[in-house]
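Q: Have a look at the structure that comes next, please.
The values are calculated or read from the model by the stated rules, or taken from the named source; none is laboratory data. Remember, predicted model here, so these are calculated numbers, not experimental data. Cβ atoms come from the backbone with ideal geometry, glycine included; neighbour counts cover every protein chain shown.
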Amino acid sequence: MADAVSQLPADDPSRTLTVASVDAPGAHSVAVAGGAYTVLLSGAQTGGRYSLIDMLVPPGGGPPLHRHDFEEMFAVIDGEIELTFRGQTQRARAGTVVNIPANAPHKFRNVSDRPAHLLCLCAPPGQEAFFLAVGDPLESRDAPPPTLSDAEKAERRSRAEALATQYRTELLGP
């Protein structure tokens, strides 16, 4: 029997196995929208295919209405979020996976009385860089986010608005 020719590209030995953890040395955690977001896998680590972000969202926390030109998937690990997608609202509880198609307006809010834990996958990547650019660095995932004055909150919002288009994102609401 003749050797079969693979339709797959050859293995790229320059890419290595990555084992990620929220408390691994070099993990980047930032306070965004009141929560703690930790980049588990950046686009650089996945050959530009996707990014993976661990999110701890406090009760009442979550991003404003927005949209972006990449797919975004949330796996709800713990807690419950209220998701608004194209103006329709529904709940997603622990064990639920939600996929947001590119360009669709959406937002979410933690409606439980404890932090919601989400894993967020973005494909292609870039959202992780946006979070690092607009968030406040945290020493660790478990470090409390800084308490911000109204003026500091307004500055963070202005920074996010100024950088959003650079990261293929449009902020649509407060």
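Q: Of all residues in the range 81-100, how many are part of a strand (DSSP E or B) and either at positive phi or crowded, with 19+ Cβ neighbours inside 10 Å (or both)?
A: Total meeting the criteria: 4.
Q: Pull up the range 101-148, narrow it to residues that are touching a residue at least 60 places away in the same chain (Cβ under 8 Å) and among the charged types (D, E, K, R), then point me to the one that is surrounded by the fewest Cβ atoms within 10 Å (Cβ to Cβ).
A: Looking at residues that are touching a residue at least 60 places away in the same chain (Cβ under 8 Å) and among the charged types (D, E, K, R), I get Glu139.
Q: Same structure, new question: Listed residues Ala151, Ala160; which is among the aliphatic types (A, V, I, L, M), surrounded by 14 or more Cβ atoms within 10 Å (Cβ to Cβ), in a helix (DSSP H, G or I) and modelled with pLDDT under 95?
A: It is Ala160.
Q: While we're looking at this one, here's another question. Among (1) out of contact with any Phe, Trp or Tyr (no Cβ under 7 Å at 6 or more places or on another chain); (2) closer than 14 Å to Val30 by Cα, which single condition is Ala94 missing?
A: Here Ala94 clears every test but (2).
Q: Need the failing condition index for Gly60 against (1) surrounded by fewer than 20 Cβ atoms within 10 Å (Cβ to Cβ); (2) over 27 Å from Asp142 (Cα atoms), just the number.
A: Just one mismatch for Gly60, condition (2).
Q: Out of all the residues in the range 19-28, is one or more surrounded by 15 or more Cβ atoms within 10 Å (Cβ to Cβ), under 30 Å from Glu152 (Cα atoms) and in contact with a helix residue (DSSP H, G or I) (Cβ under 8 Å, 6 or more places away or on another chain)?
A: Checked the range 19-28: at least one residue is surrounded by 15 or more Cβ atoms within 10 Å (Cβ to Cβ), under 30 Å from Glu152 (Cα atoms) and in contact with a helix residue (DSSP H, G or I) (Cβ under 8 Å, 6 or more places away or on another chain).
Q: Oh, and also: Can you find, within the range 163-174, the residue that is surrounded by the fewest Cβ atoms within 10 Å (Cβ to Cβ) among those that are over 14 Å from the mean Cα position of the chain (by Cα) and in a strand (DSSP E or B)?
A: Result: Glu170.
Q: Still on this model: Does Asn103 satisfy the criteria of being in a strand (DSSP E or B) and touching a strand residue (DSSP E or B) at 6+ places or on another chain (Cβ under 6 Å)?
A: Values: in a strand (DSSP E or B): no; touching a strand residue (DSSP E or B) at 6+ places or on another chain (Cβ under 6 Å): yes.
No; evaluated as a whole, the condition is false for this residue.
Q: If we only count strands (runs of 3 or more DSSP E) wholly inside the range 35-75, which ones have 1 or more residues that are among the aromatic types (Phe, Trp, Tyr) and touching a residue at least 12 places away in the same chain (Cβ under 8 Å)?
A: Ranges flagged: 35-41.
Q: Just checking, does the range 16-30 include any residue being under 15 Å from Ala143 (Cβ atoms), within 12 Å of the chain's Cα centre (by Cα) and of a type outside the set (S, T, N, Q)?
A: yes
Q: Follow-up question, since we're still on this one. With respect to the numbered conditions (1) assigned to a loop (DSSP other than H, G, I, E, B); (2) within 16 Å of the chain's Cα centre (by Cα); (3) at pLDDT 90 or above, which one is the sole condition not fulfilled by Pro13?
A: Result: Pro13 passes all but (2).
Q: Taking the range 25-34 as the region of interest, how many residues are in contact (Cβ under 8 Å) with a residue 60 or more places away in the chain and either small (Gly, Ala, Ser) or touching a Leu at 6+ places or on another chain (Cβ under 8 Å) (or both)?
A: 6
Q: Checking the condition more than 14 Å from the chain's Cα centre (by Cα), of a type outside the set (A, V, I, L, M) and modelled with pLDDT of 95 or more, which residue from Gly95, Gly60 passes?
A: Exactly one residue qualifies, and that residue is Gly95.
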